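Worksheet: one structure, shown below.
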Amino acid sequence: MRIGLITRKETWCLTWRGWLAGILTLAACAALGVQLIFPFLAVSHPIGGDLLVVEGWVPDYSLAELRAEFDRGGYKLLVVTGNPMLKGEALSEYKNYADLTKAILLKHGWPEEKLVAVPCPEALRNRTYTAARALKDWIAKSGKPIRSLTVFSRGPHARRTWLLYRLALHGRAEVGIIASQDLRYDGNRWWTTSEGVRDVIDETIAYLYARFLFRPAQTND
């Protein structure tokens with residue numbers, strides 16, 4: 001006897017062909033994402049400008065590429081940004097990556113009059129944004145009419161660097177970006193090495209955080 005507690009309804013469900021088509025579609029999307037994520041993160045959009053800014057933590061092998069870009073781009077000055085060193089400080093005369101990289105560049109014959117180190121305060125979080133804010137403060141104090149600059153970063157870190165520098169320098173200067181080559185792995189086949197997998201996954205998560213969750217008031221990455 002029916003008393004209104006249950007009812008019969010017609011439902012639709014996938015056949016095995018439907019499930020197969022769905023799985024193949026998801027696999028194709030995943031494969032496409034794997035191919036496209038690295039060039040998205042390792043973006044290069046140089047705009048020249050008054051300054052070429054290099055993140056002080058980039059590896060030494062990137063410095064030849066840095067010099068070539070400086071000579072080609074007609075920049076007036078190279079600015080090295082950098083956070084305090086978190087390891088080895090007691091054994092080094094350099095306490096931050098800005099001063100360390102400046103010393104390395106001078107050792108390689110870089111003209112001192114075209115080189116400036118801009119260290120930033122210690123920050124356990126939001127280090128890239130903190131370095132960008134330190135650059136903004138240095139530009140303001142220098143009195144130089146800086147209207148545009150290009151930041152030199154490494155591989156898949158470039159997309160996040162570009163976002164945070166544009167955020168920090170909004171209204172002060174237009175910002176371009178260069179992603180230097182990462183010699184630890186082939187960016188076109190990043191998924192074949194542990195370094196590439198860690199780097200791309202870490203930078204993807206960090207970029208999504210910076211893009212959707214980061215608020216400039218949190219000045220401490």
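General remarks:
- Helices (runs of 4 or more DSSP H) wholly inside region 104-214 that include at least 3 residues being of a type in the set (S, T, N, Q): 127-142
- Residue count for region 10-45, restricted to those that are surrounded by 10 or more Cβ atoms within 10 Å (Cβ to Cβ) and of a type in the set (Ser, Thr, Tyr): 2
- Neighbours by Cβ (under 6 Å, 6+ apart or cross-chain): first from region 99-117, surrounded by 10 or more Cβ atoms within 10 Å (Cβ to Cβ); second β-branched (Val, Ile, Thr): THR101/VAL80; LYS102/VAL80; VAL116/VAL79; ALA117/VAL80
- Set VAL79, VAL58: member being outside any helix (DSSP H, G or I), β-branched (Val, Ile, Thr) and more than 14 Å from ALA132 (Cα to Cα): VAL58
- Filter result (assigned to a helix (DSSP H, G or I) and out of contact with any helix residue (DSSP H, G or I) (no Cβ under 6 Å at 6 or more places or on another chain)) within region 39-50: PRO39, PHE40
Rundown of residues vs (1) closer than 12 Å to PHE152 by Cβ; (2) at pLDDT below 90; (3) of a type in the set (Gly, Ala, Ser); (4) not in a loop (DSSP other than H, G, I, E, B), yes/no style:
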residue	(1), (2), (3), (4)
GLU10	no, yes, no, no
ALA28	no, no, yes, yes
LEU52	yes, no, no, yes
LEU66	yes, no, no, yes
TYR94	no, yes, no, no
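The values are calculated or read from the model by the stated rules, or taken from the named source; none is laboratory data. Since this is a predicted model, take the numbers as computed values, not measurements. As a convention, Cβ positions derive from the backbone with ideal geometry for all residues, glycine included, and neighbour counts pool all protein chains shown.
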